[in-house]
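Asks: Just passing along the structure, written as structure tokens.
The values are calculated or read from the model by the stated rules, or taken from the named source; none is laboratory data. As the structure is a prediction and not an experimental result, all values here were calculated from the model. No Cβ is skipped: glycine too gets one built from the backbone with ideal geometry, and neighbour counts run over all protein chains shown. Calculation scope for accessible area: heavy atoms of the full protein, side chains included, ligands and nucleic acids excluded. Shrake-Rupley method; radii C 1.70, N 1.55, O 1.52, S 1.80 Å.
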Amino acid sequence: MKTTISKILSTTVLLCFLVVLAPTVTAQELKNHLEYKGKITDGNTQEPLEAVSVNLKNTNISTISNIEGKFVLKVPQNMTDGSLIFNFLGYQPKEISLNTLSKKENKIALEPKITQLSEVNIATYLNAEALVKKVFEKKAENNLNDPAVMTAFYRETIKRRNRNVSITEAVVNLYRQPYTSNSKDVIELHKARKSTDYRRLDTVAFKLQGGPFAALYLDVMKYPEYLFTNETIGDYTYNFEPPSTINSRPVFVVSFLQKERYADAYYKGTLYIDAETLALASASYNLEIVNEKEASKLFVKKKPNDINVYPLETSYHVDYREKDGKWYYGYSNMQLTFKVDQRGKLFNTNYTLATEMAVTDWENNAAGSKASIEKKLKPTVVMSDAVSGFSDPDFWGPYNVIEPEESIESAINKIQRKLERNKG
């Protein structure tokens, strides 16, 4: 149990800061793309929708809406006669021509959709555990089985109480291996930026070891050893929940709960399974903490002797996308909250570490291209990069990134102002 859980991620408490200069962006790169912005909401409640997939039709170019429902998508000039498709779990997909979108903020409303599965589908799988086993048995048939190179945007934030104190962002290249292969994926760092306000970290610098790997390993179809394997799939109790839809396709909804054989922590969550293909379309789950002291050993790799770190809450989420009948990893996020007790201090402090990664473009890698040795990341990497990158409004150039939420944007603006004052 402990070996399996600790593989998902580990946080490292360090007192260090690395700086690496980032590549520049040419004016020509920016001219070759147009930028489209918008906010996505529930058509009934007007509430913002987070993690909505925004895809340029018939391409692999895409992005994800942020916690406030906002998105930005950069489209090559030669593709601006296309249309955007908006997809979200439980909502009707929406297609909008780029020609009808304004250059400023666009408002996109999605309508909820409730779909009843046919009696045939329901009768076929009365046993939820058998259905989950079938998902993994059909991996070779359903999931992408050609090597691919994917461009992805990664963000990592750390909050002390409710204030952002560390922000890391990166564009990475994922050298993905077929889902049926035991070969591990490789991640190449293309571009990154970071800043940390150590004064607000209260002398404790949280770092996530693994960076983009921690996000990628949430792809449970490629890395089943982190949640479900042939040996552990029977360690859970499964139940059917009311069905839903993804991209107008009906999905089985199966909840799972790890049988309470362990005293420190256990998993529970929900799987969303495409009713037609039985491919995993999405998964959300938590590690329920029972014994804070024992569970801390699963996460904390290094810390000062006068500090105790206890996990309070954990949540994980992964979404898959489908193209030409094959499903592949599209997006994942993770949020971890820790309580920090320091000797000699009357009150403890809570820190929240959050990561997300979204695939924004990809192509088949039939030629077998490989990552640059100089830019290749190790699974033990601690992401750090240049503060100066935050002062450049065109830092990301033509690359698609996840729009920052207001609190992150505010923190970045403070960094920009600080850098401008230092220049003066």
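Asks: So if I check each of PHE206, PHE213, which one is modelled with pLDDT under 85 and either open to solvent by less than 40 Å² (accessible area, probe 1.4 Å) or of a type in the set (Ser, Thr, Tyr) (or both)?
Replies: Values: PHE213 fails: modelled with pLDDT under 85.
Criteria check complete, one pass: PHE206.
Asks: Within the range 239-248, is there a residue that is assigned to a loop (DSSP other than H, G, I, E, B) and either modelled with pLDDT under 85 or of a type in the set (D, E, K, R) (or both)?
Replies: yes
Asks: Among the residues of the range 136-156, which ones are in contact with a strand residue (DSSP E or B) (Cβ under 8 Å, 6 or more places away or on another chain) and open to solvent by 40 Å² or more (accessible area, probe 1.4 Å)?
Replies: Of the residues in the range 136-156, the ones in contact with a strand residue (DSSP E or B) (Cβ under 8 Å, 6 or more places away or on another chain) are 142-156.
Passing the criteria: ASN145, ASP146, PRO147.
Asks: Moving to a separate point now. Could you grab me the full set of residues in the range 369-382 that are open to solvent by 40 Å² or more (accessible area, probe 1.4 Å) and assigned to a loop (DSSP other than H, G, I, E, B)?
Replies: Residues of the range 369-382 that are open to solvent by 40 Å² or more (accessible area, probe 1.4 Å), as a first pass: 369-370, 373-376, 378-380.
Answer for the range 369-382, where residues must be open to solvent by 40 Å² or more (accessible area, probe 1.4 Å) and assigned to a loop (DSSP other than H, G, I, E, B): SER369, LYS370, ILE373, GLU374, LYS375, LYS378, PRO379, THR380.
Asks: Would you mention how many residues in the range 261-276 are hydroxyl-bearing (Ser, Thr, Tyr), more than 19 Å from the chain's Cα centre (by Cα) and either surrounded by fewer than 18 Cβ atoms within 10 Å (Cβ to Cβ) or at pLDDT 95 or above (or both)?
Replies: So the count comes out to 1.
Asks: When you go through (1) of a type outside the set (Ser, Thr, Tyr); (2) out of contact with any strand residue (DSSP E or B) (no Cβ under 9 Å at 6 or more places or on another chain); (3) open to solvent by less than 50 Å² (accessible area, probe 1.4 Å) one by one for VAL52, which number turns out not to apply?
Replies: (2)
Asks: Just one of the numbered conditions (1) part of a loop (DSSP other than H, G, I, E, B); (2) surrounded by 17 or more Cβ atoms within 10 Å (Cβ to Cβ); (3) modelled with pLDDT of 65 or more is not true of ALA411; which one?
Replies: (1)
Asks: Do you know which of the residues in the range 282-308 that are part of a strand (DSSP E or B) and in contact (Cβ under 8 Å) with a residue 60 or more places away in the chain is most open to solvent (accessible area, probe 1.4 Å)? I'd like the intermediate steps shown before the answer.
Replies: As a first pass, look at the range 282-308 and keep what is part of a strand (DSSP E or B): 282-289, 300, 307-308.
In the following step, the residues that additionally are in contact (Cβ under 8 Å) with a residue 60 or more places away in the chain were identified as 282-283, 287, 300, 307.
Values: SER282: 3, ALA283: 1, LEU287: 3, VAL300: 30, ILE307: 4 Å².
Looking at the filtered set, the residue picked out is VAL300.
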